[in-house]
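Heads up: the structure comes next, in structure tokens.
The values are calculated or read from the model by the stated rules, or taken from the named source; none is laboratory data. Computed from a prediction, not measured in an experiment: that's the story for all the values here. Every residue, glycine as well, gets a Cβ built from its backbone with ideal geometry; the counts of neighbours run over all protein chains shown.
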Amino acid sequence: MIAAHSETIVDVPVARIWELLTDFPLWEQWLPLHGGWPDGPPPTLDKGTQFRQRLGHLGIYDTVSVTVTENTANQRFVLLAHGSYGADARLTFSVDPVAPQRTRVRVGVEILGGLARPLASLAKRGLQKNLNRTTRDLVVVVRGFRSGTTPRSTG
């Protein structure tokens, strides 16, 4: 298993961050692993929801089958992705209040099986860089939320 996590604190309330995290067309602006929605974004993040998503890492992209395995509104959701390379990936997004107008955002990825073993060291370094970029990009998008210029969904 390869695991990487990144977190940041943003000066926006939990509900506003949750709105951003669950606005699927905005994912391309802050989630570098995201490569698109072959069948369109999912209609909901309810537990059990299934959809297809294009994910990429280290220049390898795959269309994966994704299942929402956990969703606690305004707190955490977990996605389990199964791809054609024999690897599963668990993506975890969580938010918790630090103060009334401040929120800690955590993003984690675990890669299970498949390419995880032979490329472990390289994949872990690359995955950590990717998640650090995720939290940096998320802060940029959040600034638009905070300033009142809410980013526009494109899909």
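For residue 15, the conditions (1) farther than 15 Å from residue 94 by Cα; (2) out of contact with any strand residue (DSSP E or B) (no Cβ under 8 Å at 6 or more places or on another chain); (3) of a type outside the set (Ser, Thr, Tyr) are fulfilled apart from (1).
Within the stretch 29-46, residues that are free of Cβ contacts under 8 Å to residues at least 60 places away in the same chain and under 18 Å from residue 134 (Cβ atoms) have Cβ atoms under 9 Å from residues that are part of a loop (DSSP other than H, G, I, E, B) and aliphatic (A, V, I, L, M) in these pairs: 45/73, counting only partners at least 6 apart in sequence or on another chain.
Of all the listed residues (106, 76), the sole one being of a type in the set (D, E, K, R), modelled with pLDDT under 95, under 12 Å from the mean Cα position of the chain (by Cα) and surrounded by fewer than 17 Cβ atoms within 10 Å (Cβ to Cβ) is 106. The strands (runs of 3 or more DSSP E) found wholly in the stretch 14-117 and carrying at least 1 residues that are out of contact with any helix residue (DSSP H, G or I) (no Cβ under 9 Å at 6 or more places or on another chain) occupy 50-57, 60-72, 76-82, 88-99, 102-112.
Residues that are hydroxyl-bearing (Ser, Thr, Tyr), under 25 Å from residue 143 (Cα atoms) and crowded, with 18+ Cβ neighbours inside 10 Å do not occur anywhere in the stretch 7-17. Against the criterion of being on the phi > 0 side of the Ramachandran plot, among the small types (Gly, Ala, Ser) and touching an Asp or Glu at 6+ places or on another chain (Cβ under 9 Å), residue 36 qualifies.
Scanning the stretch 18-72 for residues that are exposed (fewer than 14 other Cβ atoms within 10 Å of the Cβ) and of a type in the set (Lys, Arg) yields a single hit, 47.
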